[in-house]
Structure formats: C-alpha cells, structure tokens
Amino acid sequence: MTQLLWICLAGAVGTGARYGVGLWAARAFGTAFPYGTLAVNLVGSFLISVVLVLAVSTEHIGPTLRLALTTGFMGGLTTYSSFNSEALKYFDERAWGMGAVYMLTTGGGCLVAGALGVVVARRLTGTG
C-alpha cells in the first residue's frame, strides 16, 4: 500500500510537470509544433533510463523509489518513456527484430487507434 501511495503522489507531480512544461513551451516557442510534448518525451526517456540503470547497478535507488520515479513521476510526465525503455531493452538484448516490431506496431497501432477514436467520437457527436 505504501508503494501505491508513493507512485500516486509522484504521478501527480509528473502530471503537473508535464502541464507546466506544455504551458512554458507554448509561450516560449508558440503552438505550431508540440514542443512541450517533445520536451517531456525526451526528458522522460532520458530520466527513466538513468533511474533504471542506477536502480540495477547501485544501492542508491531502492524498489519503492524506483517505482515512484518510473511508474509514478515518469508515468505522469510521459508514457513515451516506458515505451522507449521497453524498446531499448530489446535492442540491449540484441533482439533487433522484436525491437523493430514493437516500435512499428506501437507507433503505427497508436496512430490507427487514435484515428479510429476520432472517427468514433465524430460519429457519436454527429460532427463528422
């Protein structure tokens, strides 16, 4: 139960950070490109890799802190960091084919699922 509480609290902080970065990026760079989303995806991918390597190779990050930082904070900041970490695991294990399949099916599948969601929502609302 304690782990769940820490994950939830860290997730709230990550979500707030994502919102703040989005606001900042829109003011700083405009809204023609999703700079805020790009920024949190890049930072999240970097941070989840650092945390996971440190958690495995040192005693500095225990199981609860690892979960709070990865599932909680990075999960709230961006779900892309988890996707990135999982894809990198395949490549680190030299499972090139599985890594490529995972990346292509996730990227392509998410685009198709998102497009289907738009179609369904437009039909439900009578706007398309």
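Quick notes on this one:
- A single member of F73, F91 is among the aromatic types (F, W, Y), modelled with pLDDT of 95 or more, under 16 Å from I7 (Cβ atoms) and touching a helix residue (DSSP H, G or I) at 6+ places or on another chain (Cβ under 8 Å), and it is F73.
- Pick from the stretch 63-102, criterion among the hydrophobic types (A, V, I, L, M, F, W, C) and in contact (Cβ under 8 Å) with a residue 60 or more places away in the chain, ranking: surrounded by the fewest Cβ atoms within 10 Å (Cβ to Cβ): L67
- Selection count where residues are assigned to a helix (DSSP H, G or I) and more than 14 Å from S49 (Cβ to Cβ), scope the stretch 91-102: 7
- In a residue-by-residue description of the stretch 19-28, the property of being of a type in the set (A, V, I, L, M, F, W, C), free of Cβ contacts under 8 Å to residues at least 12 places away in the same chain, over 21 Å from F91 (Cα atoms) and not in a helix (DSSP H, G or I) applies to no position.
- Conditions (1) surrounded by 14 or more Cβ atoms within 10 Å (Cβ to Cβ); (2) over 15 Å from T79 (Cα atoms); (3) touching a residue at least 40 places away in the same chain (Cβ under 8 Å): number failed by G14: (2)
- Test: residue in the stretch 45-62 that is on the phi < 0 side of the Ramachandran plot, surrounded by 18 or more Cβ atoms within 10 Å (Cβ to Cβ), touching a residue at least 40 places away in the same chain (Cβ under 8 Å) and in a helix (DSSP H, G or I): yes
- A Cβ distance below 6 Å, combined with a sequence gap of six or more or placement on separate chains, defines the contacts here; from the stretch 108-128, residues that are within 30 Å of F83 (Cα to Cα) reach residues that are at pLDDT below 90 and part of a loop (DSSP other than H, G, I, E, B) in the pairs R122/G128.
The values are calculated or read from the model by the stated rules, or taken from the named source; none is laboratory data. Note that this is a predicted model, so its numbers are computed, not measured. Quick reminder, even Gly has a Cβ in these numbers, built from the backbone with ideal geometry, and neighbours come from all protein chains shown.
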